[in-house]
1. Scan the range 214-253 residue by residue and report those that are free of Cβ contacts under 8 Å to residues at least 60 places away in the same chain and under 33 Å from the mean Cα position of the chain (by Cα).
2. Among the residues of the range 77-98 satisfying the criterion of being at pLDDT below 85 and in contact with a helix residue (DSSP H, G or I) (Cβ under 6 Å, 6 or more places away or on another chain), which is farthest from ASN9 (Cα to Cα)?
3. When you look at GLU210, is it assigned by TED's automatic domain parsing to the domain that holds MET304, more than 43 Å from the chain's Cα centre (by Cα) and either of a type in the set (Asp, Glu) or surrounded by fewer than 11 Cβ atoms within 10 Å (Cβ to Cβ) (or both), yes or no?
4. Testing CYS344 on (1) touching a strand residue (DSSP E or B) at 6+ places or on another chain (Cβ under 9 Å); (2) part of a loop (DSSP other than H, G, I, E, B); (3) under 23 Å from ASP232 (Cβ atoms), one condition comes back false. Which one is that?
5. It is to be established whether one or more residues within the range 201-213 are touching a residue at least 40 places away in the same chain (Cβ under 8 Å) and part of a helix (DSSP H, G or I).
6. Check GLU269, GLU262, GLU278, GLU274 and return the single one that is touching a Ser or Thr at 6+ places or on another chain (Cβ under 6 Å) and of a type in the set (D, E, K, R).
7. Please verify whether the range 242-256 includes one or more residues that are at pLDDT below 80 and either of a type in the set (Lys, Arg) or in a helix (DSSP H, G or I) (or both).
8. Report yes if ARG238 is at pLDDT below 85, within 30 Å of GLN193 (Cβ to Cβ) and of a type outside the set (Ser, Thr, Tyr), otherwise no.
Amino acid sequence: MPDRTDEVNLLIVDDLPENLLALDALLQAPGIRVHQAESAEQALELLLRYEFALAILDVQMPGMDGFQLAELMRGTERTKQIPIVFVSAAGRELNYAFKGYESGAVDFMQKPLDAHAVRSKVSVFVDLYRGRKRLARQLEALEQSRREQEVLLDELRSTQAELEGAVRMRDDFMSIVSHELKTPLNSLILEVQLRKLQLGRNNLEAFSEERLRNMVDKDERQIQSLIRLIDDMLDVSRIRTGKLSIRPSRTDLAQLVGNVVESFAAQMEACGCELQLERNEPIIGVWDAFRIEQVLANLLTNAMRYGAGKPVHVSAVACAEGACIEVRDHGIGISPQSLERIFCQFERAEGSESSAGLGLGLFIADQIVRAHNGRIQVQSEEGQGSLFRVLLPLGED
């Protein structure tokens, strides 16, 4: 049995039912469906419903004859490509064949019809129709394949761009990490070498109590810098794998902010920044205290680096969204271009190349706040300082 998609429709039009029955019987074959019409009007209805491989039209019909029907078919976009074969019982002297070809017919047959000739001619047109259909399907499949290949190519280009970006980010990251880790390590190595030199000379006076205290304090700062850099890298890895741990518990945010500000006071003073705290009544909510401390520490570190030695103002207040922490500095500010990407990985504000840090602090802070269903807002103008606002819902016990 032929495939259903290869089924072919044939149209036969004749005003005499016996002629239709005879021609129908002659054309019956597997994969061929014959549609009969006893008038041009019925034929037009069928032409609107089906797609035909061939139309066999009787010339002499009452009302609209075969030639008129052919002209209508040739004038309509839907039917103008259908091959037409005329049949007639009239004598050759009427020159119907010539008129039929003028009307767009591809063949003309005289009645009585030769069964073998009819089947042969119809078989040719059926094969041509099926060939065109197969070609159309192949072309459609090729076009679909081309579209899919274009989509795949676009995806490959996008993936390539992402990979190239990832490679550049990796190279930048390794360069930054190498530089940032070397800074405290070099200081530690230099201090160790100086101490070994003093010990080698038995110069124990170089290790007085005051000097030892200064050495320990300096070592501790360098070690804390290393720990902070490593913690930032670990947090980025956890964020990428979706494993950043959030352990919320009932917390007084006002007290938390006060503790962090107090721990930063000495560092701020050493940088010439006056740290001002505005704290009102307790703000009770459910947050991961360690992670919120981390957010505030990153914002304060940012303000200390770019605050230009000017006062830094911190506040913690209740608001409509729950709780609000603000850190405002009066330093170099952030350019509009940098504002668009400061929460991205390894991004640092323009003009900050000489400042320490991997450019991860704001990225990590933003991710932690998002994990609490909160958000960070930033307002800044170059030369006018920056305001970072952390908005946190209170959460539930």
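1. Pass one, the range 214-253, residues free of Cβ contacts under 8 Å to residues at least 60 places away in the same chain: 214-224, 226-228, 230-231, 234, 237-238, 240-243, 245, 247, 249, 251-252.
Across the range 214-253, the qualifying residues are ILE230, ASP231, LEU234, SER237, ARG238, ARG240, THR241, GLY242, LYS243, SER245, ARG247.
2. So in the range 77-98, the residues at pLDDT below 85 come out as 88-98.
So of that shortlist, the ones also in contact with a helix residue (DSSP H, G or I) (Cβ under 6 Å, 6 or more places away or on another chain) come out as 88, 90.
Numbers: SER88: 22, ALA90: 27 Å.
Across the range 77-98, the extreme among qualifying residues is ALA90.
3. On the way: assigned by TED's automatic domain parsing to the domain that holds MET304: no; more than 43 Å from the chain's Cα centre (by Cα): yes; either of a type in the set (Asp, Glu) or surrounded by fewer than 11 Cβ atoms within 10 Å (Cβ to Cβ) (or both): yes.
Criteria not met by GLU210.
4. (1)
5. Taking the range 201-213 as the starting set, the residues that turn out to be touching a residue at least 40 places away in the same chain (Cβ under 8 Å) are none.
Scanning the range 201-213 turns up no residue that is touching a residue at least 40 places away in the same chain (Cβ under 8 Å) and part of a helix (DSSP H, G or I).
6. Values: GLU269 fails: touching a Ser or Thr at 6+ places or on another chain (Cβ under 6 Å); GLU262 fails: touching a Ser or Thr at 6+ places or on another chain (Cβ under 6 Å); GLU274 fails: touching a Ser or Thr at 6+ places or on another chain (Cβ under 6 Å).
Criteria check complete, one pass: GLU278.
7. Kept after step one, since they are at pLDDT below 80, are these residues of the range 242-256: 242-245.
Right, trim to either of a type in the set (Lys, Arg) or in a helix (DSSP H, G or I) (or both) and you get 243.
Within the range 242-256, one or more residues are at pLDDT below 80 and either of a type in the set (Lys, Arg) or in a helix (DSSP H, G or I) (or both).
8. Details: at pLDDT below 85: yes; within 30 Å of GLN193 (Cβ to Cβ): no; of a type outside the set (Ser, Thr, Tyr): yes.
Judged against the criteria, ARG238 is not a match.
The values are calculated or read from the model by the stated rules, or taken from the named source; none is laboratory data. Bear in mind that the values here come from a model prediction, so they are computed numbers and not experimental data. Quick reminder, even Gly has a Cβ in these numbers, built from the backbone with ideal geometry, and neighbours come from all protein chains shown.
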